[in-house]
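Trainee: My questions all concern the structure below.
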Amino acid sequence: MAVAGVLLLVAGVLIAYYLTCSRSRLRPVVDFLVTLPLVFPPIATGFALLLFFGRDGPVGRLTGAELVFSFPGVVLASFVAGLPLMVKPVEAALRGHGRKLAEAAYVLGKSEWQTFSQVLLPNVRRSVLAGWLLALGRCLGEVGMTLMLGGNVIGKTNTLSLEIYNAVFSGEFDRAIVLSCVIGVVSLALYAALRRLSAV
């Protein structure tokens, strides 16, 4: 989750900026791919990723990388699951008042990178943090995509959510309750942070 969280923070902000400012023909495609995990069943999304990144998929054949049933596969599943929740709040914030700020910065002689890093990013930092917290919460509870890409290999690719599934499946209900309480505490902490953020 930590690795996916860093990737979400960096890539999510950059993708949101691209979706806000770009007029490329690829923009609707990128927007569709980012939004898809919100409306497509996780297990089906995981299967699509498995076909695409698996050994016989386009990426697997091209790079020879082994993503399936590995730690990178779990990171990829968490990243894809959390990405729309990271991107959409930041994109909405940038569309809300970003254009006028960007135009003013350009008039004052700021470059595109200076405008993004010194003007836009500081003004949407609360949306960035809110989106990141939501994305982390989604990563924490992700099962479908992780199961397809990671394979639930004990001690290698099993996550906290999958451990709850394993405990219930094996009849270890006490262990499942403890693990559920751990996830519950983390989820409450994320919720409290979001509430505090919205109250500021």
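The values are calculated or read from the model by the stated rules, or taken from the named source; none is laboratory data. Everything quoted here is computed from the prediction, not taken from an experiment. Positions of Cβ are backbone-derived with ideal geometry, glycine not excepted, and every protein chain shown enters the neighbour counts.
Trainee: Take A92 and tell me if it is within 23 Å of Y18 (Cβ to Cβ), surrounded by fewer than 17 Cβ atoms within 10 Å (Cβ to Cβ) and modelled with pLDDT of 85 or more.
Mentor: Yes: the conditions hold for A92.
Trainee: Further, regarding this structure: Taking the condition of being more than 20 Å from the chain's Cα centre (by Cα) and either of a type in the set (G, A, S) or not in a loop (DSSP other than H, G, I, E, B) (or both), how many residues in the range 60-94 meet it?
Mentor: 6
Trainee: Please verify whether V153 is in contact (Cβ under 8 Å) with a residue 24 or more places away in the chain and over 16 Å from the mean Cα position of the chain (by Cα), treating the condition exactly as stated.
Mentor: For V153, the condition - in contact (Cβ under 8 Å) with a residue 24 or more places away in the chain and over 16 Å from the mean Cα position of the chain (by Cα) - is met.
Trainee: Can you name the residue in the range 173-195 that is among the charged types (D, E, K, R) and either exposed (fewer than 15 other Cβ atoms within 10 Å of the Cβ) or in contact with a Gly (Cβ under 9 Å, 6 or more places away or on another chain) (or both) and, of all such residues, is nearest to R126 (Cα to Cα)?
Mentor: R195
Trainee: Could you tell me whether G155 is under 21 Å from L7 (Cβ atoms) and small (G, A, S)?
Mentor: No.
Trainee: Count, please, the residues in the range 17-35 that happen to be in a helix (DSSP H, G or I) and over 24 Å from S187 (Cβ atoms).
Mentor: Here the count works out to 12.
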